[in-house]
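Quick notes on the structure that follows.
No value in this document is a laboratory result; all are computed from the given coordinates. Note that the coordinates shown come from a computational prediction; the quantities given were computed from them, not determined experimentally. For neighbour counting, all protein chains shown are included, and Cβ atoms are generated from backbone atoms with ideal geometry for every residue, glycine included.
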């Protein structure tokens, strides 16, 4: 199945603004994140920590709704889902 | 009641929201936290729109590195307090309104007095700790908070109505790491004007605010999107257990 990923702010620079990833049917959000970590490669450190966990300030959404950290391993994605990922910006 | 002079000054927007709307703006007090990249365009546009009282706070003095984006400050303001520089330009732009300038660091001890009897808080800060403080004050006082933030070509904004929408800590439970952020002046220009537009709409009693929606501006791709944001039941700032 295909999941659309939209990245914003600095994450766009490492993931591109709009990409489509192929995942096995029944994949959970954590699987999608592993795929993104691979795509980000050497620059994945701005999104994930050393253990591969999403950095605390990162905002993750699925079909316009926020995804809780506690749901990453259980939230099953569906073909055509849209995942948005971005860091809050802090400047003024 | 508007004076003849005011009817002339605001003629083009009286066509839009009438004398009643303009009276609402005239009677309004807005607290703007920050006189930097966001604060400058927000304050300028609220001033020329005729918001009756603008309260603006910032602790910093103008530096040359500010001048690419902080559009109320000029080369000869370098070294001057930002709020004094801003106050002078705002008075020039609209002598018919009241400007109150506070050259101070916004902290737990003074945030309540700074907000005072304002109808609205506008977040034009450059750091999350102070934003969280404004958020808590908004929740405590029930005064709405219009959030904006920028970095590089990117920006975000949302309107927080205490007790009704997600608060800042619902949306951003963790502050991003502090940094010297890159920025081009158009980014706070875009986001600041979205915030000022929200402020005017709120004061006029218009619906369809950015309430419960997070706006993301991508200036490189020239896209603007909004995402629904919901209250977190376990939010340490606004959950029912903490506040109504």
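Checked across the stretch B:137-154, the condition of being free of Cβ contacts under 8 Å to residues at least 60 places away in the same chain, at the interface with chain A (Cβ under 9 Å from one of its Cβ atoms), over 25 Å from residue B:104 (Cα atoms) and surrounded by 22 or more Cβ atoms within 10 Å (Cβ to Cβ) holds for no residue. Reported count of residues in the stretch B:107-130, each being within 14 Å of chain A (Cβ to nearest Cβ), surrounded by fewer than 24 Cβ atoms within 10 Å (Cβ to Cβ) and touching a helix residue (DSSP H, G or I) at 6+ places or on another chain (Cβ under 8 Å), is 0. Counting only residues that are without any contact (Cβ under 8 Å) to a residue 60 or more places away in the chain, crowded, with 19+ Cβ neighbours inside 10 Å and not in a strand (DSSP E or B), the stretch A:49-87 holds 2 of them. Sort out which residues of the stretch A:1-48 are surrounded by fewer than 17 Cβ atoms within 10 Å (Cβ to Cβ), within 14 Å of another protein chain (Cβ to nearest Cβ) and at positive phi, and write them in order of number. Scanning the stretch A:1-48 gives a single hit, A:16. The single condition among (1) touching a strand residue (DSSP E or B) at 6+ places or on another chain (Cβ under 9 Å); (2) touching a residue at least 12 places away in the same chain (Cβ under 8 Å) that residue A:17 does not satisfy is (2).
Taking the stretch B:35-60 as the range and being more than 12 Å from residue B:122 (Cβ to Cβ), touching a helix residue (DSSP H, G or I) at 6+ places or on another chain (Cβ under 9 Å) and not in a helix (DSSP H, G or I) as the test, the residues that pass are B:36, B:37, B:50, B:52, B:58, B:59, B:60. When restricted to residues that are free of Cβ contacts under 8 Å to residues at least 40 places away in the same chain and within 11 Å of chain A (Cβ to nearest Cβ), the stretch B:188-221 contains 1.
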